[in-house]
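One structure below.
The values are calculated or read from the model by the stated rules, or taken from the named source; none is laboratory data. None of these values were measured; they are calculated from a predicted model. Please note: Cβ atoms are built from the backbone with ideal geometry, for glycine as well, and neighbour counts cover all protein chains shown.
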Amino acid sequence: MGAKDNLARSRLKIYFILLLSISLLIGACGGGVTEEDREAVYTLIEWNLYYAGVEDMNGYMWTLHPDSPVYSDTQSQMAIAFREFDLAYEIEQWEIISINSESARVGVVQVTRKVAGSQAFSDNRIEGIHTLRKNSEGEWKIYSSEFNMDTIEFLN
């Protein structure tokens, strides 16, 4: 493996470590969950990927829970990612693993592809879990995300 491949993989790892760093797996099945909650959870994840794809920092941060212990670090890391990469995101599969009135865990298979830019990046598919919590206004927000690096599949 050459130096360019190592650099590309290192940058990819940094990107996914960012996502991993906002992780904390919680939640259990419970009562008080409505169909509106389930739809809101899916919709929020769609908005999160949309804002990441169009590199809208305010929109992206709106999708995150303000009490997440890595909220500020995530903002700093995403600023770097937005500057260095132009990426497209897609969720190929997802399912609610658990949900109750205060938290939800959603399993995803995410594909990330480089659209443009001079930085090296390997298109990839990876499995992950988003943990969402309701904020003080009762809105679902992403509290953490964990991506399993053992499941990464490089596509190019």
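Points to keep in mind about this one:
- Contact map, the range 128-156: residues that are free of Cβ contacts under 8 Å to residues at least 40 places away in the same chain paired with residues that are surrounded by 14 or more Cβ atoms within 10 Å (Cβ to Cβ) and in a loop (DSSP other than H, G, I, E, B), Cβ distance under 6 Å, separation 6+ or inter-chain. Pairs shown: Lys134/Glu102; Phe154/Ser122; Asn156/Asp123.
- Conditions (1) aliphatic (A, V, I, L, M); (2) surrounded by 14 or more Cβ atoms within 10 Å (Cβ to Cβ); (3) in a helix (DSSP H, G or I); number of the one not met by Ile80: (2)
- Failed criterion for Tyr51 (all others in (1) assigned to a helix (DSSP H, G or I); (2) at pLDDT below 95 hold): (2)
- No other residue among Lys134, Lys141 is modelled with pLDDT of 95 or more and within 14 Å of the chain's Cα centre (by Cα) apart from Lys141.
- Residues in the range 56-99 that are among the acidic types (Asp, Glu) and touching a Lys or Arg at 6+ places or on another chain (Cβ under 9 Å): Asp67, Glu84, Asp86, Glu90, Glu92.
- Lone unmet requirement of (1) farther than 18 Å from Ser144 by Cβ; (2) hydroxyl-bearing (Ser, Thr, Tyr); (3) not in a strand (DSSP E or B) for Thr112: (3)
- Residues located in the range 39-64, provided they are more than 14 Å from Val106 (Cβ to Cβ) and within 14 Å of the chain's Cα centre (by Cα): Tyr50, Tyr51, Ala52, Gly53, Glu55, Met57, Gly59, Tyr60, Met61, Trp62, Leu64
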